[in-house]
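The values are calculated or read from the model by the stated rules, or taken from the named source; none is laboratory data. Computed from a predicted model, the values in this text were never measured in an experiment. Backbone-built Cβ (ideal geometry, glycine too); neighbour counts: all protein chains shown. The area values use the complete protein model at the heavy-atom level, side chains included, leaving out ligands, DNA and RNA. Shrake-Rupley method; radii C 1.70, N 1.55, O 1.52, S 1.80 Å.
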Amino acid sequence: MAEIHLHNTLTGKTEPFVPQKPGEVRMYTCGPTVYDYAHIGNYRTFVFQDILRRFLKLRGFRLNHVMNLTDVDDRIIANAAAAGKNIRDYSEKFVQAFFDDCKTLSIEAPEHWIRATDHIPDMVQLIQRLQEKTFTYPSEGSIYYRITKFPAYGKLSKIDLTGIQAGARVDNDRYEKESARDFALWKAPKPGEHFWETAIGPGRPGWHIECSAMAMKYLGETLDIHTGGIDLAFPHHENEIAQSEAATGKPFVHYWLHAEHLLVEGEKMSKSLGNFFTLRDLFAKGYKPSTLRLCLASVPYRRQQNFTFNGLDQATSAIERLRNFADRLRQGKFPAGEQEGMAARIAKAAEEFDAGLSDDLNTARISPWTKANFARAMSLRRSNSSPHSTKSSPSSKITMLQNCRPSDLAAPRQA
Ligand SMILES: [Zn+2]
């Protein structure tokens, strides 16, 4: 088996993957902010992290994977207040929709699904630790993180902090690099908004402190892997590092993995352009979950992907071909036997499958293999009218196919 290499945003390099504890991986994924239905760009990231976790499991690692549901953030607070609802009631519909979508797309459940609203005391405690170490200051009932106190600020996103005005603050959970400022750990309540009474005063957590507190609670102070979409690298992940490392004095994460953006028909997805799609939109057009999964997985996660309906149609045909082939195998037309040529091809295919995924989850290295293997197997079948004799059983070949079936792209091989 090939050595696993992953691209680490922190170092900017593709590095051999070595977890802290042999055989075990501690991984955190930023889940959706449940203020609306997640879109296909979000699901590209979740399919990528699913391939990663399935591949690590296939390689024998025991996984401790945490995924959060951000059910407190500016947008949820505002939408819930506008709807006159409690934030938990407001977000429930989108939480359930997300679970349904993950199931539909064959995205495995992580070891821990957790919600921000269940962890407010953990966030308060972390803020108190930062207060003790004087990384914070209060202003008008809110508590801010002083970024100049953390010299490594910017190491993930490579942001240039020269010219940043000490004491300038930003209150929004989401902002651009140009707006890098001291950010809110705890926000004072505004009239009509949901808040908690806590030891650090009434209010609600900022988005960034949620992930730091929850990740360290379940995974310890240093994680092996943290994943998310590239748009989260700044400010969210940069701020997670600043909060966590200031509190513990230890590295927060060894490997940061980020999935690139998804364009639709060459343009940034937006509701105003009419190219904004949720899973529901695509299923209503007749596309199948397996097709969508293959399509989203077909471009390696670190490359920008241009999602097109033409590509989705091609994925539909690819899946039909694979399923037809699997059906033929299942119908018993390939009895077990000895055939060196086929056995060698299967061994080579398995090796290439592993090498492709070991190469920073290079799913593009697998797609050509899928096609080639399929073509070879079909031509072999045509050239042999007598019962085939192959070294491997029909079921093992089907299993190999399942490994490249979109819904099971990196599913563990069965014995
Ligand atoms: Zn997060």
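Comparing 36, 118, 50 in a Gaussian network model of the chain where C-alpha atoms under 10 Å apart are linked, the largest mean-square fluctuation is found at 118. Considering only 134, 77, 63, the residue lying farthest towards the positive end of the dipole of segment 61-137 is 134, judged by Cα position with unit charges set on Cβ. From the alpha carbon centroid of segment 244-289 to that of segment 87-165 is 18 Å. Quick one: Debye curve from the C-alpha atoms of segment 179-282, no solvent, what's log10 I(q)/I(0) at q = 0.13, 0.24 Å⁻¹? Here log10 of I(q) over I(0) equals -0.68, -1.20. Taking 317, 91, 290 as the candidate residues, the one with maximal mean-square fluctuation in a Gaussian network model of the chain, Cα springs under 10 Å, is 317.
Let me check against my output: what whole-number percent is the relative contact order of the chain, with C-alpha pairs under 8 Å and at least 6 apart?
On the way: 688 pairs, mean separation 81.4, N = 415.
Averaging sequence separation for qualifying contacts and normalising by length gives 20 percent for the chain.
Three semi-axes describe the equivalent ellipsoid of the chain; taken as square roots of 5 times the Cα gyration tensor eigenvalues and ordered largest first, they are 45, 23, 18 Å. Think of the chain as having a plus end and a minus end, set by charges on the Cβ of Lys, Arg, Asp and Glu; of 353, 283, 96, 353 sits farthest toward the positive end of this dipole. Annotation for segment 82-113: trypsin sites (Lys or Arg not before Pro) lying in DSSP loop with at most 16 further Cβ atoms inside 10 Å of their Cβ are 85.
The residues of the chain expose, per residue, 43 Å² of accessible area to a 1.4 Å probe. The GNM of the chain, with springs linking C-alpha atoms under 10 angstrom apart, assigns the highest mean-square fluctuation among 14, 308, 162 to 162. Remark: the residue 263-residue 330 segment gains 20.3 nm on full extension, using 0.36 nm per residue and subtracting the alpha carbon distance. Its DSSP H runs of at least 4 residues, each contributing -39,500 (n - 2.57), put the calculated 222 nm mean residue ellipticity of the chain at -13000 deg cm²/dmol, to the nearest 500.
Remark: segment 80-206 carries a charge dipole of roughly 400 debye about the Cα centre, counting +1 on each Lys and Arg Cβ and -1 on each Asp and Glu Cβ.
Relative to one another, the C-alpha centroids of segment 1-68 and segment 294-349 are positioned 24 Å apart.
Its residue count N sets the reference 2.2 N^0.38 Å, and the alpha-carbon radius of gyration of segment 93-191 equals 1.39 times that reference.
Using a/c under 1.5 as the rounded threshold, could you call segment 216-357 rounded, prolate or oblate? The axes a ≥ b ≥ c are square roots of the C-alpha gyration tensor eigenvalues, and prolate needs a/b larger than b/c, oblate otherwise.
Values: a/c = 3.07, a/b = 1.43, b/c = 2.15.
Because a/c hits 1.5 or more and a/b fails to exceed b/c, segment 216-357 counts as oblate.
With the highest mean first, a sort of the peptides 296-304, 128-136 on other beta-carbon atoms found within 10 angstrom per residue produces 296-304, 128-136. Placing unit charges on each Cβ (+1 for Lys and Arg, -1 for Asp and Glu) gives the chain a dipole about its Cα centre, and among 298, 156, 220 the Cα reaching farthest toward its positive end belongs to 298.
Highest-first packing order for the peptide set 145-151, 78-84, 183-189 is 183-189, 145-151, 78-84, based on the mean count of other beta carbon atoms within 10 Å.
This model, with +1 at the C-beta of Lys and Arg and -1 at the C-beta of Asp and Glu, gives the chain a dipole about its Cα centre of some 1520 debye.
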